[in-house]
Structure formats: structure tokens, C-alpha cells
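Take a look at the structure set out below.
The values are calculated or read from the model by the stated rules, or taken from the named source; none is laboratory data. Predicted model, so just to flag it, every value in this text is computed and none were measured. With ideal geometry, Cβ positions are generated from the backbone for all residues, glycine too; neighbour counts draw on all protein chains shown.
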2 protein chains.
Amino acid sequence: MKQITGGVTAAKGFMAASVEAGVKYKNRKDMAMVYSQIPCMAAGVFTTNVVKAAPVLWDKKIVTESAAAHAVIVNSGIANACTGKQGFDYCEQTAQAASEALGIPADSVLVCSTGVIGMQLPIDRITEGTKKLAGVLSDTTEAGDQAAQAIMTTDTVPKQVAVEIEIGGKTVTVGGMCKGSGMIHPNMCTMLAFVTTDAAISKELLQEALSEDVVDTFNMVSVDGDTSTNDTLLVLANGCAGNEMITEKNADYETFKAALHYINETLAKKIAEDGEGATALFEAKVVNADTKQNARILAKSVITSSLTKAAIFGHDCNFGRILCALGYSGVQFDPESIELYLESEAGRILIFKDGYATDYSEEEATKVLSAPAVTAYVDMKMGQESATAWGCDLSYDYVKINADYRS
Amino acid sequence: MKQITGGVTAAKGFMAASVEAGVKYKNRKDMAMVYSQIPCMAAGVFTTNVVKAAPVLWDKKIVTESAAAHAVIVNSGIANACTGKQGFDYCEQTAQAASEALGIPADSVLVCSTGVIGMQLPIDRITEGTKKLAGVLSDTTEAGDQAAQAIMTTDTVPKQVAVEIEIGGKTVTVGGMCKGSGMIHPNMCTMLAFVTTDAAISKELLQEALSEDVVDTFNMVSVDGDTSTNDTLLVLANGCAGNEMITEKNADYETFKAALHYINETLAKKIAEDGEGATALFEAKVVNADTKQNARILAKSVITSSLTKAAIFGHDCNFGRILCALGYSGVQFDPESIELYLESEAGRILIFKDGYATDYSEEEATKVLSAPAVTAYVDMKMGQESATAWGCDLSYDYVKINADYRS
């Protein structure tokens with residue numbers, strides 16, 4: 001597996017476009033399109049929130065019922081959530097506009113929105129934007145870069161990654177882009193993520209690979225504990241790589257799955273790292289838990305704790321908050337037998353063992369905690385299962401961003 | 001029921017004391033004692049965190065196994081949590097010191113701590129403080145006030161309340177004090193709460209009344225979603241009111257329970273209102289839910305949402321975040337059928353109905369949201385059950401307090 005530059009346009013046959021549609025923001029691109037020159041197998045995972053945005057309902061239908069997917073239209077600024085039947089009709093109108101502009105079936109068009117909840121889309125500007133998008137499609141890296149920019153809301157950086165693998169002698173590419181960065185606690189995911197690949201793979205296996213992988217990647221990320229109404233992760237596979245179609249769980253499937261995992265994990269970490277107001281990536285690695293599910297619950301409880309996140313922001317070794325978060329996770333364990341380490345590029349320190357704090361140096365600990373990426377490493381000493389979760393610190397800026405996000 | 005002034009010393013036979021023991025803070029009282037002149041029935045509810053502080057383990061034992069309780073010793077500054085066997089031994093030594101100073105059995109002494117996790121208590125100063133406390137006991141309102149001050153950590157105000165009721169022609173008093181104000185998401189419950197009463201009631205009924213009531217009072221409060229290692233709520237009943245002992249669930253029991261509920265709910269709301277960095281009390285009232293438990297889950301999900309809390313801080317009617325929080329609570333419902341109102345002393349506004357935002361005035365909404373206490377009122381239209389939860393907004397000061405709490 002080799003990481004290459006680019007994102008959604010890296011795989012053969014994929015194009016992207018972005019325009020200023022004036023949905024809500026001024027003087028910035030706010031609509032993007034991802035388009036495959038030939039029809040794709042599509043797989044998707046969506047928010048588990050009972051309050052699902054209209055585009056989530058639309059896309060679930062397309063992924064489940066349509067034979068193929070051809071394009072994805074995305075707008076930032078307004079989430080099209082809590083918008084009733086009108087919101088769903090607007091998804092259909094957007095797909096219809098894309099259908100006419102691109103000469104593809106309307107039921108092969110996926111639609112995604114991110115932004116403020118409860119506001120109706122300015123549908124005229126959306127359909128106008130869709131037509132413009134169709135006119136500026138390009139397969140260049142720049143087109144992918146700009147699409148990744150257009151889908152941002154409070155994100156501070158565009159997020160994309162791509163890799164090349166080899167399947168049956170053919171070079172296969174998997175690339176993706178996503179956006180965060182608040183209301184992030186995916187439980188598939190205001191997270192939107194799009195992965196494109198030129199691999200030839202059956203729809204069933206594509207969905208299975210995605211559904212399995214999301215559990216240990218996007219679902220292990222949290223910025224603020226709020227599971228959005230819009231979380232969507234879509235994968236489009238158009239087969240342009242020319243590999244023999246993957247239809248069973250053979251070595252080719254495993255190779256593809258490893259690449260998909262790398263793309264998903266990298267994008268997921270980018271979301272955590274760029275969480276609203278974040279100054280540091282905060283990772284929790286739980287090892288030697290009794291079950292995989294318990295390892296996941298423990299790791300996620302630590303990166304979700306507001307108190308722990310505030311301590312990370314303060315570079316304060318208030319390790320009791322980590323133990324506290326493990327303790328209320330719902331998982332049973334003996335606090336006296338666990339070991340807690342803090343680690344970063346600045347070093348690794350054993351903080352707690354045998355029920356007592358070690359006599360670690362506060363100065364050293366502050367150094368470790370002042371790095372741009374900090375890991376809490378917890379050895380449960382109960383079994384052999386491990387899991388990693390990714391979050392970020394809780395800063396003044398998180399509050400600032402969210403106290404006046406709509407203004 | 002009549003509210004009167006005072007707290008833990010309001011009921012007959014109860015005394016309180018507070019001293020500067022120098023546990024961690026300088027130049028402030030940091031130890032308190034509550035003492036009954038005659039032995040009490042004791043009931044308690046404690047944190048469900050797997051990582052339980054040493055005093056929680058000690059108090060559970062006393063409440064369960066001892067025939068009577070006589071005194072409670074509390075220190076602020078250090079939580080005596082994650083302190084191993086030594087931490088538990090320190091509880092025993094504290095009880096022993098109280099036993100000698102007061103001439104009561106060591107197993108009738110309850111011990112509570114609140115503050116930083118993972119640090120050992122300076123036991124010499126604690127036992128010295130305990131002896132001093134025994135020397136300055138008083139049944140005055142002032143003694144109660146000062147005890148309520150001594151147990152504060154990041155709290156900005158002392159919290160206490162007392163009421164009088166009549167049982168069998170006798171005046172019975174129930175009073176209490178508590179402290180918050182971070183790591184608050186009680187799930188019995190760094191919350192400590194102490195209720196004293198001169199009612200005569202059997203130990204079994206006292207515990208039952210407490211365990212039942214806590215579900216709709218302290219357990220419906222959240223400041224930051226972190227369930228502490230130390231949460232403890234103790235009730236001491238010494239029978240000094242002279243009422244006929246309550247030993248069955250008769251009208252007297254209901255009268256007592258109503259008074260206990262008033263004390264618990266008032267103290268619980270005071271904790272939410274004084275949450276770390278809070279500028280407003282934020283209440284969620286869910287009505288017409290299908291089950292009581294679902295009503296509780298929905299209400300708690302709203303007051304726990306970081307995004308909603310930040311919007312309340314900004315006086316921003318970002319109501320989509322409330323719908324989002326209802327949606328990810330785990331409870332199933334039809335988003336199109338619910339009604340959402342925002343209310344405060346400044347007015348009441350219908351915000352969302354039939355799947356759509358109403359055309360409410362943003363100016364009016366901002367006015368409602370700028371009050372010191374704001375309620376989100378949600379009508380689920382599914383049944384007849386209701387619940388109320390109490391939280392607070394998320395401000396810059398929450399981050400500030402918790403980024404450098406230990407310093």
C-alpha cells in the first residue's frame with residue numbers, strides 16, 4: 001500500500017467540481033460534486049440519530065434500492081435537517097437537476113448537506129449550483145482539493161487522503177475526503193465522508209467491508225459527544241482499475257479492505273484533529289481488555305470526557321479524570337490492576353499502577369502533554385483485545401464557535 | 001410544607017462545625033462535621049462509577065452494616081480517590097479520630113472527600129482537623145452555613161435548604177446542604193449532599209424513600225457528563241421531632257417523602273445552577289412521553305448536549321441542536337409529531353411543530369434565552385409520562401476552570 005497525493009479524484013474515472021452557489025456563506029465555494037464517468041457500486045453508512053436529515057433518508061434509499069450510483073452533490077451551510085417533507089422534496093429536485101445536467105438517472109444521484117439544522121435550503125440556488133457543477137467537472141487533483149474545501153463548515157483545513165494498492169496485477173486506487181468538525185460523535189456520523197475507488201467489487205462486499213470497518217474508524221471519533229442528524233459516509237466503486245471483480249472474501253478482498261481501512265482511519269483522525277476549537281489530537285489506546293467491545297467503550301469514554309479534554313487543553317496531568325472516565329464507561333474492571341501511560345512525541349510516562357499514582361515528574365508530564373498529539377495508553381490486564389479512539393482537547397474556541405455558530 | 005432558613009442544623013438535635021485544616025487550600029475552611037446528639041438512622045446512595053473513592057467504600061459499609069450513624073466528616077481539596085488501600089486506611093483513621101474526640105463508635109462515623117483525584121490525603125492534618133471540629137460544634141444556623149462553605153471546591157455559592165412539615169401533630173424538619181460543581185453527572189451521584197432530619201423513621205423506609213427519590217432529583221442533573229468517583233448523598237434521621245416512628249408506607253411516610261423530595265430537588269437544581277462556569281440554569285421538561293424512563297432519558301440527553309449548552313451560553317436559538325440531542329438519546333419517536341417550546345421569565349415561544357420550524361421571532365427567542373433560567377419544553381405526544389432534568393450552559397469559564405483546576 002502506497003500513499004499518494006489527492007483525494008476523491010485520485011481513482012481512475014472520477015471527477016470533481018465545486019462552485020459558489022450562495023447557499024448561506026458569501027464569497028466562498030459551498031457546493032461540490034463527485035462524479036464517476038461510469039456507473040458505480042455504492043455503499044453507505046448513516047447516522048443512527050432518530051432525527052435524520054432529509055438527505056440521509058434520500059441516500060439510504062438510493063444506496064439500498066438503486067442499481068448504481070453516478071454522482072454525489074454536496075452543499076455546506078444548511079443541513080436540510082428538521083425540514084419535513086419539503087426537505088425531502090428538495091433532495092429529489094436536486095437529484096433531478098443533476099440528472100438533466102449530466103444525462104444520468106435521478107436515482108443514481110446521492111445528495112448530502114451540512115450546516116445549520118432547521119432551515120430550508122434555497123432550492124433555486126441549489127439547482128442552479130448543481131447545473132454549474134456539471135459544467136466544471138475535472139479529474140485533476142486540484143478539482144478534488146477544491147471540492148474538499150467547498151464542503152467545509154467550521155473545519156479549518158480540508159481533509160483528504162489516497163492510496164494505491166495492487167490487486168491481481170492491476171493498480172487500484174482508493175481515495176477520500178471528509179469534513180467535521182462539531183456535532184461529531186459518529187454512530188454510524190455533521191460528518192460527511194466520501195470515498196472513491198476504481199476497484200471492481202460487488203455491491204454486497206463493498207457494503208460489508210464498509211459497515212465492518214466503520215466500527216473501528218469513524219465510530220471511534222468524538223469531538224463533542226453529539227451524534228449529528230446528517231452523518232453520512234459514502235463509498236463509490238466504479239471498477240475502472242480493471243481488476244477481476246471481487247465477489248468473495250479472498251486475498252484481493254483483504255487487500256482492498258486494508259486500503260479502505262487506511263483511508264477511513266486517516267480521514268477519521270483528521271476530523272478529530274480538526275475538531276472545533278481543538279489545539280491537540282487526543283488519542284486513547286486501550287490494550288489487553290477482555291472483549292473488543294469493552295476496549296472500544298473504554299477508549300471512547302476517555303476521549304469523550306469533557307473534564308479530561310479540558311485538562312489536555314491545559315497540559316495538566318490530571319490523570320484522575322482519565323481513571324474516572326474509564327470507571328463510568330459501563331465496563332467492569334479492577335481499578336487496582338490497570339496501568340496508565342501518557343505518551344507523545346515528547347516521551348512516554350507511567351502515571352498509575354497497582355492502585356497508586358507513580359512518582360512521575362510533573363515537569364516531564366507537562367512536556368508530554370504539550371505535544372500536538374497526545375495518547376492515553378491504558379493496559380487493562382484482563383485479556384488480549386485492544387481499541388483506539390480519537391478526540392481532541394476542549395478549548396475556549398469550542399465554546400466561542402458554538403455560542404454564535406448561526407450568526 | 002414550609003420552607004425555613006438554614007440547612008443541616010435546622011432539624012432538632014443536629015450540630016455542625018467547620019475549620020481550616022490546610023488540606024490543600026490556604027486561608028479558607030476546608031473541613032466540616034455534621035453531628036447528631038443522639039444516634040441516627042442512616043441511608044445513602046453512592047456513585048455507580050467502577051472507580052469508587054475510598055470514602056465511598058467506607059460509607060457504603062457503614063450505611064449497610066452499622067446499627068447507627070452519629071457524625072459525618074467532610075474535607076474539600078483532595079478526593080481520596082484512586083488512592084488504593086492507603087486511602088481506605090485513612091478513612092478508618094479519620095473515623096477513629098472522630099470516635100475518640102466525640103466518644104462515639106468509629107463505625108458510626110461517615111467520611112466524605114471532594115477535590116483532586118489521585119492524591120493522598122495529608123492524614124495528620126485530617127485527624128488534627130477532626131479533633132478541632134469536635135471542639136467547635138454548634139446547632140446554630142451560622143454553623144450550618146459555614147459547614148456548607150467549607151465543603152465547596154469550584155462552587156461559587158454554598159447550597160442549602162430546609163423545610164418544616166407536620167407528622168402526627170409534631171413539627172418535623174428536613175434540611176440539607178450539598179456541593180457541586182464539576183464532574184457532575186450523578187448516577188447514584190464530585191457531588192456530596194447531606195440531608196438531616198429529626199423525623200423518626202425506620203432505616204429501611206429511609207433508604208427506600210431516598211433510593212426512589214434520587215432517580216428524579218440528583219440523577220436528573222448534569223454539568224459535564226462526567227460521573228464522579230465520589231458522589232455521595234447521605235440522609236441522617238435522629239427522631240428528635242418525637243413523631244410516632246414511621247415504619248410503614250402510610251400518610252406520614254408520604255408527607256416525609258414529599259419533604260425529602262423538595263429538599264433533594266432544590267439542592268439538585270442548586271448544583272446545576274452553580275455548574276462550573278455556568279451563567280444560566282438550563283432545564284429540559286419532557287411531557288407526554290410513552291414511558292417515565294424514556295421521558296428521563298430524553299430530558300437528560302438535551303441538558304447534556306455540549307452544543308446545546310454552548311448555544312444557551314450564546315443566547316442563540318439554535319433549536320436544531322435540541323432536536324438532535326433528543327434524536328440520539330436512544331429513545332424512538334417520530335420527529336414530525338413533537339412540539340418544542342422555549343420558555344423563561346421573559347416568555348414562552350413555540351419553536352418547532354409538525355416537522356417544521358415555526359415563524360417565531362428571533363428577537364423574541366433571544367430575549368427568552370437571555371434569562372438566568374431557561375427551559376426547553378418538549379411535548380412528545382406519545383403518552384402521559386413526564387420528566388425534568390437540570391443542567392447549565394457551557395461557557396469559556398468551564399474550560400478555564402478545568403484546564404488548570406489542579407494549579
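Just a few scattered comments:
- Subset tally (residues that are more than 9 Å from every other protein chain (Cβ to nearest Cβ), part of a loop (DSSP other than H, G, I, E, B) and hydroxyl-bearing (Ser, Thr, Tyr)) for region A:328-344: 0
- The set of residues from region A:345-362 being of a type in the set (Phe, Trp, Tyr) and either assigned to a strand (DSSP E or B) or not assigned by TED's automatic domain parsing to the domain that holds residue A:378 (or both) comprises A:352, A:356.
- Only residues that are part of a strand (DSSP E or B), within 14 Å of chain B (Cβ to nearest Cβ) and of a type in the set (S, T, N, Q) were counted in region A:76-118, giving 2.
- Within region B:320-341, being buried (at least 24 other Cβ atoms within 10 Å of the Cβ) and out of contact with any Ser or Thr (no Cβ under 7 Å at 6 or more places or on another chain) holds for B:320, B:323.
- Matching entry among B:212, B:204 (being assigned to a helix (DSSP H, G or I), surrounded by fewer than 24 Cβ atoms within 10 Å (Cβ to Cβ), away from chain A (no Cβ under 13 Å) and over 17 Å from the mean Cα position of the chain (by Cα)): B:204
- Filter pass, residue B:256 being touching a Cys at 6+ places or on another chain (Cβ under 6 Å) and closer than 30 Å to residue B:175 by Cβ: no
- Of all residues in region A:60-72, those that are over 30 Å from residue B:330 (Cα atoms), under 20 Å from the mean Cα position of the chain (by Cα) and surrounded by fewer than 24 Cβ atoms within 10 Å (Cβ to Cβ) total 0.
- Set B:272, B:295, B:310, B:259: member being assigned to a helix (DSSP H, G or I), at the interface with chain A (Cβ under 10 Å from one of its Cβ atoms) and of a type in the set (A, V, I, L, M): B:310
- Considering residues of region B:254-274 that are among the basic types (Lys, Arg) and farther than 23 Å from residue B:329 by Cα only, the residue surrounded by the fewest Cβ atoms within 10 Å (Cβ to Cβ): B:257
- Residue that is surrounded by the fewest Cβ atoms within 10 Å (Cβ to Cβ) [pool: residues in region A:215-234 that are more than 11 Å from residue A:191 (Cβ to Cβ) and away from chain B (no Cβ under 14 Å)]: A:215
- Matching residues, region A:96-122, being touching a strand residue (DSSP E or B) at 6+ places or on another chain (Cβ under 7 Å) and either among the aliphatic types (A, V, I, L, M) or over 21 Å from residue A:14 (Cα atoms) (or both): A:98, A:102, A:104, A:109, A:110, A:111, A:114, A:115, A:116, A:118, A:119, A:121
- Qualifying residue in region A:235-248 (condition: over 11 Å from the mean Cα position of the chain (by Cα) and within 14 Å of chain B (Cβ to nearest Cβ)): no
- Enumeration of residues in region B:296-316 that are in contact with a strand residue (DSSP E or B) (Cβ under 7 Å, 6 or more places away or on another chain) and surrounded by fewer than 24 Cβ atoms within 10 Å (Cβ to Cβ): B:296, B:304
Condition check ((1) more than 27 Å from the chain's Cα centre (by Cα); (2) at the interface with another protein chain (Cβ under 7 Å from one of its Cβ atoms)) across all residues:
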site	(1), (2)
B:302	no, no
B:306	no, yes
B:317	yes, no
B:355	yes, yes
B:358	yes, no
B:384	yes, no
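- Hey, residue B:199 assigned to a loop (DSSP other than H, G, I, E, B), more than 30 Å from residue A:309 (Cα to Cα) and among the hydrophobic types (A, V, I, L, M, F, W, C) or not: yes
- Residues satisfying the stated conditions in region A:275-292, i.e. surrounded by fewer than 23 Cβ atoms within 10 Å (Cβ to Cβ) and either of a type in the set (Val, Ile, Thr) or in a strand (DSSP E or B) (or both): A:279, A:285, A:287, A:288, A:291
- Scanning region B:360-377 for residues that are of a type outside the set (S, T, N, Q) and within 12 Å of another protein chain (Cβ to nearest Cβ) gives B:360, B:362, B:365, B:369.
- Selection within region B:7-59 - under 18 Å from the mean Cα position of the chain (by Cα) and within 14 Å of chain A (Cβ to nearest Cβ): B:46, B:47, B:48, B:49, B:52, B:53, B:56
- Here is the figure for region A:313-327: residues that are assigned to a helix (DSSP H, G or I) and more than 12 Å from residue B:398 (Cβ to Cβ) total 8.
- Selection of region B:1-44 for residues being farther than 20 Å from residue B:97 by Cβ and polar (S, T, N, Q) yields B:3, B:5, B:9, B:27.
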